[in-house]
Amino acid sequence: MHLQHCLPNHLRVTALMVLSLALSSCQKTEVVNYAEHKKSADAALQIFHSLYNDQKFDEIYVSATPILQGEIKPNEFDGGMKELFSRFGRVIESVEVATACFPLEVRTVRHTKYERGEGGEMIIWSVENGQTRMTKFSFAPGRPASPTQPYRGCEGTSLIIVPGQ
């Protein structure tokens, strides 16, 4: 049964206002500035590479999102990082190949030179509540391919709706 059939006009308006207020109290809107998110992800990348070079893999894991922590156990993450470090050594230089920004997420592909080789890093950063945390990290030996398709850059803003606390 439709609302218009069971309530007079003035009660329908009141009911809609109450419903609107109830819904708005459960969520908030937030403006996402992609350039700021990219800057935050770039800073997090510097911290990540510094921790990697110091072989503080446990600190990288603990600072990651629950998503990453749910996909891989601490000892597996540590073992993978130790293997990468053993084979390639310290990070010497990391150059952006492509970066795409989305609401609450920055994805980047890097061409990274190590002491004993080079490879492509693909990292997904979660940018939420003033924190930038790693959600995914993958590595492939060799030079990463440059994107052939246009990708979404990190300019502009978006308005997003965030569930209330």
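The values are calculated or read from the model by the stated rules, or taken from the named source; none is laboratory data. Nothing here was measured: the structure is a model prediction, and the numbers come from that model. Here the Cβ is made from the backbone with ideal geometry for all residues, glycine too, and neighbour counts use every protein chain on show. The accessibility values were calculated without ligands, DNA or RNA, using every heavy atom of the protein model including side chains. Shrake-Rupley method; radii C 1.70, N 1.55, O 1.52, S 1.80 Å.
Here region 42-66 and region 83-107 have alpha carbon centers that stand 11 Å from each other. Accessible surface ranking for 133, 87, 1.4 angstrom probe, highest first: 87, 133. Peptides 52-64, 117-129, 71-83 ranked from most to least packed give 117-129, 52-64, 71-83, packing being the mean of other C-beta atoms within 10 angstrom over each peptide's residues.
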